[in-house]
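Below is one structure, written out as structure tokens, with a few remarks after it.
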């Protein structure tokens with residue numbers, strides 16, 4: 001079956017959520033998206049995660065192997081193509097460079113703060129993957145500061 005490498009950085013780091021949404025998806029492992037920054041965009045306290053190029057920054061990510069059926073489920077969840085677009089990025093994984101599909105939010109909304117539920121969903125993914133949760137906290141701080149400026 002044709003599978004795609006999908007790069008998750010937000011709520012799709014949460015394995016329980018992904019098991020429900022994409023039951024045939026398989027975790028490949030962790031990686032780092034270099035020269036990108038994690039932040040949040042959206043309405044009020046319901047902002048959601050996205051990434052943007054930012055030289056010198058990096059975002060911890062989880063790579064998944066997904067089927068076309070999984071990708072259709074993700075397209076619905078991510079509001080593709082209106083809310084999020086798909087891009088292909090390169091990441092180092094197991095000593096080689098691989099291409100991965102990633103959802104990046106279109107510039108529809110200003111920066112803002114995520115809900116506590118959404119934040120905790122991502123935080124659980126960070127804990128399971130062994131990521132430094134300061135990256136997530138810094139993303140919230142950055143988003144709030146940018147929203148206030």
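We did not get these values from a lab; they are worked out from the coordinates using the rules stated. Here the structure is a predicted model, which is why all the values come from computation and not from measurement. Neighbour counts are summed over all protein chains in view; Cβ atoms, including those assigned to glycine, are modelled from backbone coordinates with ideal geometry.
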For residue 145 and residue 21, what does the FRET efficiency come to when R0 = 35 Å and r is the distance between their Cβ atoms, rounded to the nearest 0.05? 0.65
Relative contact order of the chain, pairs being alpha-carbon contacts under 8 Å that are 6 or more residues apart, as %: 32
Quick check: convex hull of the Cα atoms in the chain, volume per residue, rounded to a whole Å³? 106
Could you state the angle between the C-alpha long axis of helix 116-129 and the longest principal axis of the C-alpha atoms of the chain, as a value from 0 to 90 degrees rounded to the nearest 10? 50
Using Cα atoms only, what is the angle between the long axis of helix 134-148 and the major principal axis of the chain, expressed in degrees (0 to 90) to the nearest 10? 40
Tell me, in nm to one decimal, what length is gained between residue 52 and residue 2 on full extension, where the rule is 0.36 nm per residue of separation less the Cα-Cα distance? 15.2 nm
Once the Cα atoms of helix 68-78 and of the chain are each reduced to a long axis, what angle between those two axes, in degrees from 0 to 90 to the nearest 10, is obtained? 10
